[in-house]
Each structure stands twice: as C-alpha cells, then as structure tokens.
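Notes follow once the structure below has been shown.
The values are calculated or read from the model by the stated rules, or taken from the named source; none is laboratory data. Note that this is a predicted model, so its numbers are computed, not measured. Cβ placement follows ideal geometry from the backbone for every residue including glycine, while neighbour counts extend to all protein chains displayed. These accessible areas exclude ligands, DNA and RNA; they are computed on the full protein's heavy atoms, side chains included. Shrake-Rupley method; radii C 1.70, N 1.55, O 1.52, S 1.80 Å.
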Amino acid sequence: MSEVWIASDWHLAPESPALHGRLALAFLEAARASGARVILNGDVFDDLFAGPGRSQAAHPAVVAAMEALSAERRLARTRGNHDPDAGGERVELEWPGLGRVLVAHGHAADPVNASPVGRLGDAISRRFGRLGVVRGAAWLAEVAARTVAERRMIATFRRRCLAVVERGGYALGVFGHVHEAHLVPGDRYANAGSLAGDRLEYLALGTTGPRLEELRDRAGPG
C-alpha cells in the first residue's frame, strides 16, 4: 500500500522566498517518484492576501507538479482559511493497523478565526489584502497574538480538534493551521506542521503508522 503524505500551510504567494517554491516542488516531485499519495491540507497558496490565482501564477512549477499528481489521482486537497476554494472541508481515510483518520485544516476550531473579529478580518483581507499596509497590519496582529498567548491558543486549538476527532470516532486527526508539527504516541491529535525558513514539514502515513518528516533546502535563500 502506498504511503500518504500530508502537508499544509505553505502560504505560497507572489512575494514568497524562492526557496519556498523549491521546497514545495521538491516535496511534490519526491512524492510522485516514491509513489506516495498526497493530501495538501489547506493554506497551500495564500489567496486571502494575494487574491485568487495570483499566487498560483507566481509558482507555475508547483502548480504543474500538483496537476501531474492530480492526473494520476494521487492528490487531494482541503481548504484552509487562506485558500477557501481549494477543496472540501476534510478528507477521511481508513488506514490499516490504525483505523479511521481525519485530515482537516482545522481553522474552524480556532476561536479567533471563528469569532466575529476574525471573520471581519478575513473579509477585509480578501478585499484589500494585496495592499502592503493591510498585509503588514495582519502580520503584526498575528505576531502580537502569538507573543501574548501562543501556547494557550495552540492548547485551545488542540482541545477543540480533539473534540472533533472524538465525536467522529476517528483513531487520529491530522490538522494544520497553527504551524506547529505534533505527533505523540497515544495522542489522537496530530499536526503536519508548515513550510517556514529552510524547512518543509509533513506527516507521512506508512506501513508502521504515522511519522513526521521534513525537507530542508541547502541551496540558500536565492
């Protein structure tokens, strides 16, 4: 049985570093070469700030690699809060030796994202996100929130995601959104991590169960 590789939160945009495009492409090409199936679990392209289609146009090689996997029926996508038209809310798998696995971005479980303030912020970003001042303000707001209450926010997110997993009777839930990889034996909440710096994190489902993996870029920032 082929592996399933789950990745999320690449946030590829026109202004993304070149190395992020290289890492995304390397991941997709490695998956195709290995025979793995891929689930891109939300926020792959940053349509929220860049606007629909602009981020994809800036990364044609990544789009082509995704299309190649899709043509072989080896690519599934879920939607995130930054790419709401990317796919469905969730993907469900039946994995041998593990049981039912839920794959979802998880932004609906984020108390900030689900709040009236969060919804207003998303609406403003969709309309004016291409303006540098709006992107800058959003970045500063996120940094401030993480500085003040990051651990509490992630703990709340994990607790809410676990509630979804337990209500649905899943053996494991694989989420994204908070940009923090997580996989602990016995914990039914997992997170595939993100693309940041010189590292692309992902979660692989293999014959021995789930494991966290990463790709690193050695070529520098150019």
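Each residue in the stretch 56-110 was checked for being touching a strand residue (DSSP E or B) at 6+ places or on another chain (Cβ under 9 Å), charged (D, E, K, R) and within 16 Å of F175 (Cα to Cα), and 7 of them qualify.
Selection within the stretch 59-81: residues that are surrounded by 13 or more Cβ atoms within 10 Å (Cβ to Cβ) and assigned to a loop (DSSP other than H, G, I, E, B). The member of this set that is modelled with the lowest pLDDT is N81. P84 meets all of the listed conditions (1) part of a loop (DSSP other than H, G, I, E, B); (2) surrounded by 15 or more Cβ atoms within 10 Å (Cβ to Cβ); (3) touching a residue at least 40 places away in the same chain (Cβ under 8 Å) but one, namely (3). Does any residue of the stretch 131-151 turn out to be at pLDDT 60 or above and either touching a strand residue (DSSP E or B) at 6+ places or on another chain (Cβ under 8 Å) or of a type outside the set (S, T, N, Q) (or both)? Yes; the residues of the stretch 131-151 include at least one that is at pLDDT 60 or above and either touching a strand residue (DSSP E or B) at 6+ places or on another chain (Cβ under 8 Å) or of a type outside the set (S, T, N, Q) (or both).
Applying the condition of being open to solvent by less than 20 Å² (accessible area, probe 1.4 Å) and part of a loop (DSSP other than H, G, I, E, B) to the stretch 159-194 and asking which residue is nearest to R100 (Cα to Cα) yields Y170.
When the stretch 168-222 is examined, which residues are found to be under 23 Å from R151 (Cα atoms), within 14 Å of the chain's Cα centre (by Cα) and among the small types (G, A, S)? If the condition is that a residue be under 23 Å from R151 (Cα atoms), within 14 Å of the chain's Cα centre (by Cα) and among the small types (G, A, S), then G173, G176, A181, A190, A192, G193, S194, A196 are the ones that fit.
Looking at the structure I just gave you, is A30 of a type in the set (A, V, I, L, M) and farther than 25 Å from T207 by Cα? Before you say what the answer is, go through the steps one by one.
Details: of a type in the set (A, V, I, L, M): yes; farther than 25 Å from T207 by Cα: no.
So A30 does not fit the description; no.
Restricting the stretch 87-123 to residues that are open to solvent by less than 80 Å² (accessible area, probe 1.4 Å), of a type in the set (A, V, I, L, M) and assigned to a helix (DSSP H, G or I), the residue that is modelled with the lowest pLDDT is A123. Residues in the stretch 1-25 that are surrounded by fewer than 18 Cβ atoms within 10 Å (Cβ to Cβ), within 21 Å of P210 (Cβ to Cβ) and either among the hydrophobic types (A, V, I, L, M, F, W, C) or within 14 Å of the chain's Cα centre (by Cα) (or both): M1 alone.
Restricting attention to the stretch 1-51, the residues that are polar (S, T, N, Q), at pLDDT 95 or above, within 16 Å of A76 (Cα to Cα) and assigned to a loop (DSSP other than H, G, I, E, B) add up to 1.
D217: over 24 Å from E29 (Cβ atoms) and of a type in the set (D, E), yes or no?
When the stated conditions are applied, D217 does not pass them.
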